[in-house]
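All remarks here apply to the structure that follows.
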Amino acid sequence: MSHGTVMPVDGPATLEWSEKAKAEVADALSRYPVKRSAVLPVLWIAQREWGWLSPAAMRLVAGSVGLPESEVFGVATFYTMFNLVPVGRHHLQLCMTLSCSLMGADRLYKHLQKKLGVSHGETTKDGRYTLRKVECLAACGKGPCMQVGFDYHENLDEAKVDALLEKLK
Amino acid sequence: MSRGPLLFKDIDTPGLTGLDVYKKQGGYEAVASSVGKKTPDEVIEIVKASGLRGRGGAGFPTGLKWSFVPKQSPKARYIVCNADESEPGTFKDRELMELNPHLLIEGMILAGFAIGSHQGYIYLRGEFEYVQRILDKAIAEARAAGILGDNVMGSGYAFQLYTHLGAGAYICGEETALLSSLEGYRGQPRLKPPFPAVEGLYASPTVVNNVETLMAVPHIVKNGGAWYRQWGNEKSPGTKVFSVSGPVKRPGNYEVPLGYSMKSLIENECGGMRDGLKLKAIIPGGSSVPMLPAADLDTPLDYESMNAKGTFLGSGGVIVIDDKTCIVDALWNVTRFYQHESCGKCTPCREGTYWMSEVLERLENGTGRDADIDLLADVADNILGKSFCALGDAAAMPVQGALKHFRAEFEHHVKHKTCLVNRRREEVAGVRA
Amino acid sequence: MSKLVKVTIDGRTVEVPAGTLVTDASRAAEVHVPIFCSHSKLPPLGACRICVVEVGMPKLDANRQPVMAADGTPEIAWMPKVQTGCTTTVADGMHVRTASNVATKARKGVMEFLLVNHPLDCPVCDEGGECQLQDLAFAFGHDHSRMDEAKRTFDSEDLGPIVKKEANRCIVCMRCVRYCDEVMGENALTAHQRGVHTEISSFDRQPLACEQCGNCVEVCPVGALTALPYRFKARPWDLRQHITICEWCPNGCSVRLGVRGMEILRARGTEFRGVNQEYLCVRGRFGHDFVNAADRLTAPLVRTGAALQPSTQEEAVTYAAARLRDIAATHGPDSIAFVGGEKLNVEEQFLFQKLARHVLGSTNVDARTRVAAAVSGSAVLRATGGGRPGLTFQGLYEAKEVLVLFEDLQGEAPLAQAAIVRGFRQRGLHVTVAHARRVKLARPKFKGDHLAVKPGAELALTLALTRAALDLGMPEAVPAEVSSALGALQGSLASWTGDKVQNETGVSAAAVAAAAKRMREAGAKALLFGRGVLEHAQAPALVQAIENLAWALGAITAEQSSVMAFGPHHDSAGALEIGLSHDTLPGHANAPKRGLSAREAIAAAAEGKVRALWIVSDDLIASAPDRALVEKAFEKCELVIVNELFLTRTAARAHVVFPVAAFAEKEGSVVNSERRLQKSNRALSPRKGARADWDVFQSVAQALGADWRYRTSEDVFREIARTVPGFAGLSYATLLPDGALLTGTPIAASIKAVEAAPLAGEGLALLSGGTLFADGSLSSRSATLAKLAGGVRARLAPAEASRLGLVAGDRVELTGPAGPAVFAVEIDDSVPAGAVFVPAAGAELNRLGVPSGGGLRVSARKSASAATVGA
Ligand SMILES: Cc1cc2nc3c(=O)[nH]c(=O)nc-3n(C[C@H](O)[C@H](O)[C@H](O)COP(=O)(O)O)c2cc1C
Ligand code: SF4
Ligand code: FES
């Protein structure tokens, strides 16, 4: 389940903030005495705007928080929740760490793999789902668990996963 | 029904996330009675007297930590809440914040006041986006009510509070890595000394405390240090929330006095093991601490008793491992976690976690060799105490614990190329690579 | 000096200053503790863990007295964990064990970890043979590897034309990334991903957009970063390594040349030596390939009729001497002028002026050829507080406030820029840059102040700064005559306030006042200027104004000077010290009779008054400010002698050309901008047919009957040490390893009022100066630099370009009073609107006209012509 090296793929040449995002960026900057502190919040804003962090998005973030592009790149690739490649409409992040594994996470992963026809890090052809194995989500008492986007789904089994996928379509 | 003596006592009260209900329960009385009324040093003394120890894992006395902040520093001071909660097996802070956000805010105000800070941050792990929304709402409410801001409850003391969302990195729970991350650097730990109390956020004096630690503070400040000592024992006073996971009947968060019997926690609170399973091993303090065999189940849940058994109370993430689970497999899972989460800064952790995972993979898959068990032990020994921060230790200690108590299972793997027991062998096959 | 403490390392007790790191104390105790991630110019990191040691302190009893063991030595309480020596500072009484079982096991463990994912491809690695990992594996490693699992792998990649990355070999010491950030201020490199997948690269793996200095390659302890220009050229043990002084700029960096046969294959820094240690800029590291160039001159040339014909050395010497003797006899010695020589070493400069003054009796010697308005040597010496203990690069790094006047240090003094960047990153240095362009140090990232002076208003801004400084009262530690002169000066500056400052200089009076105040109040300060001043059209007045300002800011005091001037060449400062100047003699003394400056000599030659010119290593046709005048001088002169490496345009017009040795082919000493006299060494034999300049001068002197008998340049140096004040007591032996700072009698101030004259006329202000990749006449002779520069382009602000309808890659025709020239266009937002910047590098800007007043204005229009200048 190694993190591996994921490099951003090519994206748009340049990007601009929407008016709404601009206000959010300004708000994020206002929370810290030092501008660079806002790099995570502003990367989040970018990911919310475009779904993933293209090089153009990272360049835009660098400009907004006054950091060299290289540093933003180093920061963005350090954390696992930033998508360096586009992801599907529903990002299924299944916890595989010990507590969830003890409760059947591995079985669920195989189930999802078979059902969706994709493996870790891959997106279904229709662009609907991206499947990802992740580490402990702090839901150990309700494992197996999975985050879809930011939403927690806990105490899962095959039937619940099927129902969830049905609902998400 | 109350779920615990203190932090969990009224936590299921409907509407508790709202300011009104919180206040009705006596919320913000500690701020009202102490901020601007007592001196910061008096607040620190109360916390010192309570014997409260940090609930983030290290168990460092909280009042003492606060007293390290230089009183005369011309620099701004910061209070930072560690809400990164990423230690496998731990999920208490999430529930505490989700259900009682104002208690954390109140704890932050008191800690901030005690150390002379006017700005605080709550660093949440990235996955807690929904918790951030709950906290932001509570913060906005508190600000509107004059509880946060330029004049906290009319005391003349100013305190601003913000949440900050991480983005997926266990290491950011380590306090200096957390500060790097909060400053906008890659989340890697920094040299200590200087300790955060002297040079922390923006090179200014900073206190980092765990969510649960800070939530105990309002109760302590309101009721006094001695009052808090009604729970627990001399060196481990107070209550602690334990997150229990694994195949028990009722996993979940349980607040009990420190020194409580681990056995009763599992058998009474959690209802014992699921049908057909027996307890084989137990990890008492999050995946970073050495596991104990079932024989040690009656160890009291406090800092000293755990140390006496060669393990740690840690974050209180109790992971129960059943008799049909292969220890080699479980250890491989844990070791991969540390490999995945190693920040890459120092050599022993970066390379050693990778190497241990490779060896464990080999053992689990039945291609291990005689020398592998000693090799694994030696690699762990070469990490322990030599890495830059405690993440390396956290990766090495589970290996040592497993080898100490369950060496036979490893030997079985080498000899018979398969598990002694593993109800999940079919499940996990091929999933991990 | 901080307090000394005693530490005992493996039984050896040493005294070191408190605060010393255990690794450094070990070096003092001559105990080897290996390091990878730690670096003397970077703050402690403690990441690689190779330097682990055991640390202990004497046990104390209840009365805080040391507990004694049976053998009478204090008992030591050893810390339970090993500590990293590179992050642990010593304490008095500390004990360190580097070779105990515990320390050795820990270190072997780290070593083994470092090899877990290392490819062990030493046979095909350029670092092989000088790799610290290889050396340590040899010393500490196991005899076989216990790690036989699959290694994680990365793709190798070229990060642009200089840096090759082989990430599998990387040990994530972060030296490259931190050096790039903290010393270079570039941030081209970053670590991305994390854990075992951590990889050093650039933003999105793009080619590095940086100074291309290659210092990342230098500080990489393994072969993860290697230099493409050197790739697979040699094994280190095949190279002869010679330490000498770089000849690219006046900083005087020590450079270690790797030579095989007659070829320089690479240049590296020197680790523990020199003003730079490991640091080199792109020119110092990759620009020395001009020495290898195939088109070097290999025989003297003598003009017969219309053509230059190869000749023997004797023929050329005899011919030159005979013609010089004739001309001196017929028209008097002052009809001969000796021009150039800032690229010569001190010994050669000394003999050049001696040949002129003593053998031929001419007073016309002057090294400074590029100036539109000649500044006297004594004026420059005064403006830099000559004779006083001066500013060093270390002092610059430690300064609190730095004022850079009209100089782009990146192009002309890269080491000085690096000292400022590092001072900013590590010591809170604040920099104020007065420059028409937003040069690198004026970028927001360095948090300095940029006084964006209007082109041509440099003198005005200097006056305004002086006025603001004097408004703060008299500086401390000024001699009485200086304070009365400054008092008198104040009157002449009365008008330089408020709107006038803003209108004339483009900088607000408040910003000027704040800058002056910061400088005045800073304890450790530095005032820097260079070619932007020395080659300014109003240089004489500007240099005088800077002398006034330096005193007013307290940057020169009776005791010391915090002013540093950067001449155009690596031995420009030597020329001043040794009197290669029309008005000063060796050792700063005023010449009894003022001769003609280089510029005056050329003008006199154009009028037929000077009849012979001897030009050393200067392509005057391309670089002298007044091209027409030079052409005319050449037409009129009876004799032009040129010492050169190449057949330049100027050499092609000469009557006699002496091929000369390049800097690395000869021995001598040179003076950098700190006034540090350093030994420059011979790394390889001169190119066939070439001789050191001093040897040429001696041959001609002898042919003229002088009794010169120098066998080596050291003989010349002995004479200098004997006869020139300031050099007394020095010998080649005393110059190793760090050279000698020249001092002497402090030169008295001469504070005088000067008037500013604005840059009149219409059109774009023409800005010029050296840039990193394109500088002077040599950069185009270096294959690597020429490739990086990609031709000389005219740079325009985006607004200016669009006004002219130009986009990058178009051609622009610039027309000045003397005529037009066509350049490729580059869009550059650091250039102000209303100006055009063209690097002074083979651009032949002198086709456009002679700068006067505040400079030169040119008109610009889009050109259809395909041919450009300097491409
Ligand atoms: C690798 C590592 C991960 C950690 N993760 C957490 C965490 O998720 N939450 C936490 O509160 N403390 C964590 N800690 C402990 C913190 O470094 C720190 O000790 C704690 O936040 C201090 O708060 P306390 O004194 O209230 O316990 C971690 C430590 C290490 C070494
Ligand atoms: S590339 Fe070299 S210098 Fe850079 S981090 Fe890796 S080993 Fe160190
Ligand atoms: S040199 Fe000390 S940890 Fe790297």
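The figures follow:
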{"item": "Helix-derived mean residue ellipticity, 222 nm - over chain B, DSSP H n ≥ 4, -39500 (n - 2.57), to 500", "result": "-12500 deg cm²/dmol"}
{"item": "Tilt relative to chain C, helix C:101-116 - C-alpha long axis, 0 to 90 degrees, to 10", "result": "60"}
{"item": "Nearest 10 degrees, 0 to 90: helix B:390-416 Cα axis against chain B principal axis", "result": "20"}
{"item": "Around C:A558: net Lys/Arg minus Asp/Glu count, Cβ-Cβ under 13 Å", "result": "-2"}
{"item": "Protection-proxy order for peptides C:475-482, B:292-299, B:277-284, A:38-45, each taking the mean of Cβ atoms within 10 Å per residue, highest first", "result": "A:38-45, B:277-284, B:292-299, C:475-482"}
{"item": "Accessible-area composition of chain C, carbon plus sulfur, in percent [1.4 Å probe]", "result": "53"}
{"item": "Inter-chain Cβ neighbour average for residues B:124-133, partner chain, 10 Å", "result": "4"}
{"item": "Candidate aspartates and glutamates for bridging to C:K862, where Cα separation is under 15 Å - those fewer than 8 sequence places away on the same chain excluded", "result": "C:E800, C:D810, C:E813, C:E826"}
{"item": "Protection-proxy order for peptides C:367-378, B:419-430, each taking the mean of Cβ atoms within 10 Å per residue, highest first", "result": "C:367-378, B:419-430"}
{"item": "For residues of A:109-116, the mean tally of beta carbons on other chains within 10 Å", "result": "2"}
{"item": "Summed residue charge, Cβ within 15 Å of C:K41's Cβ, Lys/Arg positive, Asp/Glu negative", "result": "-2"}
{"item": "Cα centroid separation - region B:175-251 against region C:486-526, whole Å", "result": "54"}
{"item": "Accessible surface of region A:1-86, 1.4 Å probe, proportion on carbon and sulfur as whole %", "result": "55"}
{"item": "Length added when fully stretched, C:D738-C:R722, from 0.36 nm per residue minus Cα-Cα", "result": "3.6 nm"}
{"item": "For B:G272, residues with placed amide H under 5 Å, excluding near neighbours", "result": "B:K249, B:R250, B:E267"}
{"item": "DSSP beta bridge pairing in region A:90-168, given as percent antiparallel to the nearest 5", "result": "55"}
{"item": "Net charge over other residues, Cβ less than 14 angstrom from the Cβ of B:D136 (K, R count +1; D, E count -1)", "result": "-1"}
{"item": "Exercise: per-residue mean of other protein chain Cβ atoms within 10 Å, C:699-710", "result": "0"}
{"item": "Accessible area expressed per residue, chain C, with surrounding protein chains retained (probe 1.4 Å, Å²)", "result": "35"}
{"item": "B/C buried area, accessible surface, summed, 1.4 Å probe, Å²", "result": "2800"}
{"item": "Rounded percent of accessible protein surface that carbon and sulfur make up, region B:39-168, 1.4 Å probe", "result": "56"}
{"item": "Dipole moment magnitude, nearest 20 debye, region A:90-168 about Cα centre, only Lys, Arg, Asp, Glu C-beta charged", "result": "160"}
{"item": "Magnitude of the charge dipole, chain C, Cβ model with Lys/Arg +1 and Asp/Glu -1, debye to 20", "result": "420"}
{"item": "B versus A: buried accessible surface, summed, Å² (probe 1.4 Å, to nearest 100)", "result": "4500"}
{"item": "Fraction of beta bridges assigned by DSSP in the protein assembly as shown that are antiparallel (%, nearest 5)", "result": "55"}
{"item": "Solitary cysteines of chain B, where the nearest other Cys Cβ is not under 4.7 Å", "result": "B:C81, B:C172, B:C270, B:C343, B:C346, B:C349, B:C389"}
{"item": "Relative packing of peptides C:112-124, C:488-500 - highest average C-beta neighbours within 10 Å first", "result": "C:112-124, C:488-500"}
{"item": "Flagged links, alpha-carbon separation over 21 Å, of C:K609/C:K752; A:K35/C:K447; B:K345/C:K81; A:K20/A:K169", "result": "C:K609/C:K752; A:K20/A:K169"}
{"item": "Spin-label pair C:E314/B:K417, simplified geometry with 7 Å Cα→Cβ offset, distance in nm", "result": "9.0"}
{"item": "Solvent-accessible heavy-atom area per residue, rounded to whole Å², over chain A at 1.4 Å", "result": "38"}
{"item": "Using alpha-carbon coordinates, inclination of helix C:414-427 to the longest axis of chain C, degrees", "result": "40"}
{"item": "Per-residue [θ]222 nm for chain C (sum of -39500 (n - 2.57) over DSSP H runs n ≥ 4, rounded to 500)", "result": "-8000 deg cm²/dmol"}
{"item": "Dipole of region A:90-168, positive end: most advanced residue of A:N155, A:S99, A:L165 [Cβ charges, Cα centre]", "result": "A:L165"}
{"item": "Within the protein assembly as shown: Cβ-based charge dipole about Cα centre, in debye rounded to nearest 20 (Lys, Arg +1; Asp, Glu -1)", "result": "440"}
{"item": "Taking region B:239-322 and dividing mean pair separation by its residue count, relative contact order in percent (alpha carbons under 8 Å, at least six apart)", "result": "36"}
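The values are calculated or read from the model by the stated rules, or taken from the named source; none is laboratory data. Here the structure is a predicted model, which means the values were calculated and not measured. Positions of Cβ are backbone-derived with ideal geometry, glycine not excepted, and every protein chain shown enters the neighbour counts. Remember, those area values only see protein heavy atoms, side chains included, never the ligands or the DNA or RNA. Shrake-Rupley method; radii C 1.70, N 1.55, O 1.52, S 1.80 Å.
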